[in-house]
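The values are calculated or read from the model by the stated rules, or taken from the named source; none is laboratory data. None of these values were measured; they are calculated from a predicted model. Note: ideal-geometry Cβ built from the backbone for every residue, glycine included; neighbour counts use all protein chains shown. Ligands, DNA and RNA are excluded from the accessible area calculation, which covers all protein heavy atoms including side chains. Shrake-Rupley method; radii C 1.70, N 1.55, O 1.52, S 1.80 Å.
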Amino acid sequence: MAPLTFRTAAADDIERLWALRAEAARVQCAGYYPAEALETWLAAPPSAAFRQYVAQGHALIGERAGSLIGYAVIDAPGRELEALFVAPSAFRQGYGAQLLQRAKHLAATLGIDSLTLSAALNAIDFYRAHDYELITTDSFAHRSGVTLERGVMRKTLTPTSSS
Ligand SMILES: CC(C)(COP(=O)(O)OP(=O)(O)OC[C@H]1O[C@@H](n2cnc3c(N)ncnc32)[C@H](O)[C@@H]1OP(=O)(O)O)[C@@H](O)C(=O)NCCC(=O)NCCS
């Protein structure tokens, strides 16, 4: 597995991050969500909160040879992993794991000791493989107007945890 190079995302990365999000979700969430609901969700523009996480320096970009491979975002006040997406051409090569590890370290440096996330149904097994506990599955109303099922997952962060 080739190591990623990480950098903090800037405002002018947002458009590319949003495009990668849609590509990744269309490939991997299809089959788990109705196509119409998925497209309504993906059509929403980046939220003001997302722009703020980027402005705060809480969005990490993973690159290889200068190419965008994926990104992860931390919502510090919410103690939440806000987003984690890998480009479809790079799925299952260990990059999601590298981004998750890096995001976990960022969360820890922000003083977060228990990290929560809303997992798309397709991603629950990925997070389980990294010791995130499935607390519950529920439906949540997204600002785009659709209601989507998700897994609420959590992991206690300790200085010794390695994944
Ligand atoms: C979920 C996602 C971030 C995982 O990234 P990835 O780079 O493909 O994952 P990795 O290669 O690092 O996987 C590490 C391990 O997690 C597990 N895993 C990864 N994806 C999995 C999946 N879809 N189903 C089951 N287990 C999975 C496996 O144990 C895998 O190891 P293996 O490939 O040796 O079996 C990525 O597939 C993605 O962006 N998906 C679409 C968008 C999405 O749903 N994002 C999450 C929103 S909450």
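Taken per residue, the accessible surface of the chain reaches 51 Å², heavy atoms only and a 1.4 Å probe. Each Lys and Arg adds +1 at its Cβ and each Asp and Glu adds -1 at its Cβ; summed about the Cα centre, the stretch 5-156 shows a dipole of about 300 debye. Helix-only arithmetic for the chain: the sum of -39500 (n - 2.57) across DSSP H runs with n ≥ 4, divided by the residue total, places the mean residue ellipticity at 222 nm at -9500 deg cm²/dmol.
Under the simplified labelling scheme, the THR156-ARG26 pair shows an inter-label distance of 4.3 nm, with each label point 7 Å from Cα along Cα→Cβ. Equivalent ellipsoid of the chain: semi-axes from √(5λ) of the C-alpha gyration tensor, largest first, are 22, 19, 16 Å. Computed extension gain for ARG7 through GLU39, at 0.36 nm per residue and net of the alpha carbon distance, reaches 8.6 nm.
For LEU134, neighbours were defined as the other residues whose beta-carbon sits under 14 Å from its Cβ, and their charges (Lys and Arg +1, Asp and Glu -1) total -1. Across the accessible surface of the stretch 5-156, with the other protein chains kept in place and a 1.4 Å probe, carbon and sulfur atoms take up 49 percent.
Taking 0.36 nm per residue of separation and subtracting the Cα-Cα distance, full extension of the segment from ARG51 to SER114 would add 20.3 nm.
Here the stretch 110-124 is scanned for amide nitrogen atoms under 20 Å from the site 7 Å beyond the Cα of THR147 along Cα-to-Cβ, giving 118-122. Between PRO77, ALA48, SER89, the Cα set farthest toward the positive side of the dipole of the chain (charges on each charged residue's Cβ, about the Cα centre) is that of SER89.
Among residues other than LEU157 with Cβ under 14 Å from its Cβ, the summed charge is +1 (Lys and Arg +1, Asp and Glu -1). From most to least packed by mean Cβ count within 10 Å, the peptides 26-38, 86-98 give 86-98, 26-38.
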